[in-house]
Amino acid sequence: MRQSVMPQNQPEDEPEHIPANVPEHVTASHQESGPESGPDARAAGSRATTARAARTALRRWITTAPGTYVWLAILFATTVVMHRMSPDFEEDFLRQRSTNIHELSQNPVRVLVSSALWIDGGRWLPYAVLFTVFHATAEHWLGTLRWLTVAAAAHVLATLVSEGVLAWAVRHGHAPQSSVNTLDIGVSYALAGVVAVLVYRVPRPWRHVYAFAVLVFYGIPLVTGRSFTDLGHFTAVLIGLACYPLTRHPHPRGPRTS
C-alpha cells in the first residue's frame, strides 16, 4: 500500500526579536529612522534654510534701493577703468572732470555730474560699505526721488560753496593761483549730506547723540585742517540737516518682514 506523507509546514521568517523592556515608541522610531533623519541632516537643512533666507533678504535690500546700487555699479565700472590708466593720463583725465574753479567756469553742469561718477583714490570697496549703510538706508526710508534730491543738493551746493570760498581766497592772495585747477572729484559731499539727513531717522533720545557725532566727525577737520574740502563736507552736513521737510512724510520702500 502506498502511504501518504503529510507535507510539513515550511518554516516562516521569524519576526525581529524585540526585548520586552523596550517601549513601543522607541522601537517605532528606531525602525523608521534612516540616514536622512539624523541630527546632521537636520542641521544641514537648517543651514540651507538660513542661507536661502539671507539671500532673499539681500536681494530685497538691493532691489528696493535701485538708485544706490546703480550708482555704486557705475562707480565700480569707472574704478576699473581708472586702474587701467597710466598715472599721468589718469591725472589729466580726472582733472578735466573735476569740479575745480576752472572747469566750473567752463562746463559747470558737465563737471558737476561727471565728478560724482569717479572715486578719488580708486578704492571702491569702502564706498560699497558706506553706500549700503547710509545711502541704501536713506533710499529705503525716503524713497528714491527724495533720497536723490538730498544727495544731489549736498553734492552741488557744497561744491559751489567750497569752490566759491576758494575762488575768493585765490583772488585775495590767501591761496595760490594753481588752486583754480585743483583735483576735486568724488561722492563724499553727497554722502555727508545723506549721513546728516539720517539724523531724522534715528529715534529719540539717540537722535541727539547721532547728530552730535556727525557734527563732531565733520567739524573737527574743518577746525584743524581748514581746507576747501573740509568746508565742503561740513556744508554738505548742514544741507542734509536743512532737508528736514523732505523727511516729514517719508515713503518707506525697504524690505518687508513677514
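All of the numbers you see were taken from the coordinates with simple rules; none came from a lab. Worth saying up front: this structure is predicted, and the values here are computed from it rather than measured.
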Rg over Rh, two decimals, segment 98-157 (C-alpha only, Kirkwood Rh): 1.04
Cα convex hull volume per residue for segment 99-258 (Å³): 125 Å³
